[in-house]
Every structure is written in C-alpha cells, then in structure tokens.
Amino acid sequence: MTDTVSEIEQRRFPWARMRFELIGVAIAIGAWLAGILLGILWGPLFWIGAAGAVITLMATRQSERTPPNEAETIVSPVDGVVVSIEPGLPPVELRLHGQSYQRIRVSSSPSAMNGLHAPIAGEIASVVTEEGEPSSPFANSADGEGNAILYLTFGSDRQSAGVVVVAGGFGPRIDLDLEAGDVVRLGRKVGARRLGGWCDIWIPADLTAAIWPGMRLSAAETILITQGVDVDAGTPFRSEDTVVDADIIEEASTPEESDLAEDTQDPTEMFAKLRKKVSEAGKTVGEDAT
C-alpha cells in the first residue's frame, strides 16, 4: 500500500487511470483509415469505419484499480450496477458445495471498463467456458440463449466465491489471462469482458452484504461484504472469569498495590493477584457482618 501511495504522489495526473489495450488502438486506427477510404467512394460509408473505431475503443478500455488492504474480504470483480441480492443454488459449473449461498447480480453497460478481477485472495479452483453464438451480439438477459459464459470459482482456506460472467456471443467478448490452479491476490486483473454484460457473484449466505440494489460498483475496489474479525485477529474480549470490579482496579493502582501496576507484566499473574484481593475483601465483609 505504501508503494501504491508513493506511485500516485509521483504522477503528474493522478486521476488519469484509464488506458486502452494496444491491439484495440491498432484496430481502431485501422477502422478509422478504412472509413476514410470508404468515404472517398461514398461519403456515408465513412461512418461505418468511424463507428467501428469507437466500438473497438469502448471494448478495450481498461482502468488501474487499487484493492483494499484487507486480507479477509470480497470485492466486486466487475464494474456495474447491482440488480438484485437473493439466496439461491449456485450453478453446478461452479462446483460450490457444503453451504448455502447468495447471489449478487450485476449489470454492466457496453461502455463499462472491461477488467475482470479476482473477488478474493486465493486460488482459481475451477474454470468452465461456454462459447456464444454470433447471432447474439448483446446479452439482453443474464439467462438468455446464445450468450458467451465464463464460470470461475475462487477458493482459499478461509473463504470461497463463484463468479459467472455473461457477455454477447458475437466476437471475442470474454478472455481469461490465467488458468485453474493459479494463485491470485485480492483484486488482481484475471481477464476481460468486453462491451458489458452480466455478472453473478456467489458468496456464502452467512456473510452480510455491504451493498444494495441500485448501487454502482467499481471492480477490485468496492467491498461486497462485511466480515466479523475473530479473536485471533485481535478482537478484544474478556471472559466472565476476568471481569474485575472497577473499585478493586482503582485500589490496585494505589502505592500500596503498585506491584500490580508496575512490576507485574504477566496477565495471568495479575488476575491471580486481583482474585486474591477480591477474596480478601469478601472475608473482611463477612467478618464485619458477624
């Protein structure tokens, strides 16, 4: 995180995070030149090449992302808007078993950034792809026919998540840079989905969603869930045996009991002395009562 902050501070334009794929720029230039040549033959044909250049640039737009510096969390794998959050059964292609899950459905416009990012830190456990049909240029529905679909399952020792990416079937719409068995960090770019589509994120049902329908998500940066921190991670707690009366603690801080505040560093020894203090105080109260 420190290296990222230093890199941003050294940039002349920190807000300039968008870039285009090199091959996309090359194709766009070619389409533009083709439009110019066609325009020489007949003026309206120029707009065919111009439209091809614009669509190509839209399909190859990328953006640098900065994932949160948290070990146990789940982030959005794509840019888009949350459509629904509801419980359900994950598709069999994801191979998620053993617990109940909830589905977060996200819709992305054709102008959305094409980055596909890892929702958790862990291993790509499973990859399943379905080729689309050229007759379906756009994914009008997440469950429609003819769409290109990518099923990705991510897993670690602590958590798991499934991602179903849907795009139109016309052209190369979904690319995956990695394969099953590769280990990824949180928010790493693992592929691309071009010209928008749908994305279903499957996470355990016992996790509390930190998003809501209508919310706009930023890939690799928007946290999807809030997760409780366990005791081993530093959550302070005190059992019933360690609850100490405030008056006794105040007495222990007096000069007569300074060995509890200054000399004793071991918590076990400190509580043992405090219990002894409570016991002696109880005996004194009993003697006074008789």
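For this structure, a couple of remarks:
- Subset tally (residues that are among the hydroxyl-bearing types (S, T, Y) and at pLDDT 95 or above) for the range 165-223: 2
- Condition met for Q62 (within 24 Å of A161 (Cβ to Cβ) and open to solvent by 80 Å² or more (accessible area, probe 1.4 Å)): no
- Failed condition for H117, given (1) at pLDDT 95 or above; (2) open to solvent by 10 Å² or more (accessible area, probe 1.4 Å); (3) farther than 24 Å from F20 by Cβ; (4) not hydrophobic (A, V, I, L, M, F, W, C): (3)
- Residue satisfying all of: in the range 121-140; in a loop (DSSP other than H, G, I, E, B) and in contact (Cβ under 8 Å) with a residue 40 or more places away in the chain; surrounded by the fewest Cβ atoms within 10 Å (Cβ to Cβ) among these: F138
- Failed criterion for R158 (all others in (1) under 18 Å from P77 (Cα atoms); (2) touching a residue at least 40 places away in the same chain (Cβ under 8 Å) hold): (1)
- Residues satisfying the stated conditions in the range 139-156, i.e. small (G, A, S), out of contact with any Lys or Arg (no Cβ under 6 Å at 6 or more places or on another chain) and either at pLDDT 95 or above or over 26 Å from M58 (Cα atoms) (or both): G155, S156
- Selection within the range 56-69 - touching a helix residue (DSSP H, G or I) at 6+ places or on another chain (Cβ under 8 Å) and in a loop (DSSP other than H, G, I, E, B): T60, T66
A quick yes/no check of all residues on (1) hydroxyl-bearing (S, T, Y); (2) farther than 19 Å from Y151 by Cα; (3) part of a loop (DSSP other than H, G, I, E, B):
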site: A71; (1), (2), (3): no, yes, yes
site: P77; (1), (2), (3): no, no, yes
site: V81; (1), (2), (3): no, yes, no
site: P90; (1), (2), (3): no, no, yes
site: E93; (1), (2), (3): no, no, no
site: L96; (1), (2), (3): no, no, yes
site: I104; (1), (2), (3): no, no, no
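- Qualifying residue in the range 5-25 (condition: modelled with pLDDT under 90, among the aromatic types (F, W, Y), more than 27 Å from F138 (Cα to Cα) and not in a helix (DSSP H, G or I)): yes
- Apart from one condition, S136 fits all of (1) among the polar types (S, T, N, Q); (2) more than 21 Å from L224 (Cα to Cα); (3) modelled with pLDDT of 90 or more; the exception is (3).
- Residues within the range 157-177 that are open to solvent by less than 30 Å² (accessible area, probe 1.4 Å), closer than 22 Å to R61 by Cβ and not in a strand (DSSP E or B), tallied: 3
- A count restricted to the range 65-100 and to residues that are hydroxyl-bearing (S, T, Y), open to solvent by less than 30 Å² (accessible area, probe 1.4 Å) and modelled with pLDDT under 95 stands at 1.
- Any hit, the range 145-156, residues being surrounded by fewer than 22 Cβ atoms within 10 Å (Cβ to Cβ), among the acidic types (D, E) and farther than 24 Å from G171 by Cα: no
The values are calculated or read from the model by the stated rules, or taken from the named source; none is laboratory data. Everything quoted here is computed from the prediction, not taken from an experiment. When we count neighbours, we look across all protein chains shown, and the Cβ atoms used for this are built from the backbone with ideal geometry, even at glycine. In case anyone asks, the SASA skips ligands and DNA or RNA and just uses the protein heavy atoms, side chains included. Shrake-Rupley method; radii C 1.70, N 1.55, O 1.52, S 1.80 Å.
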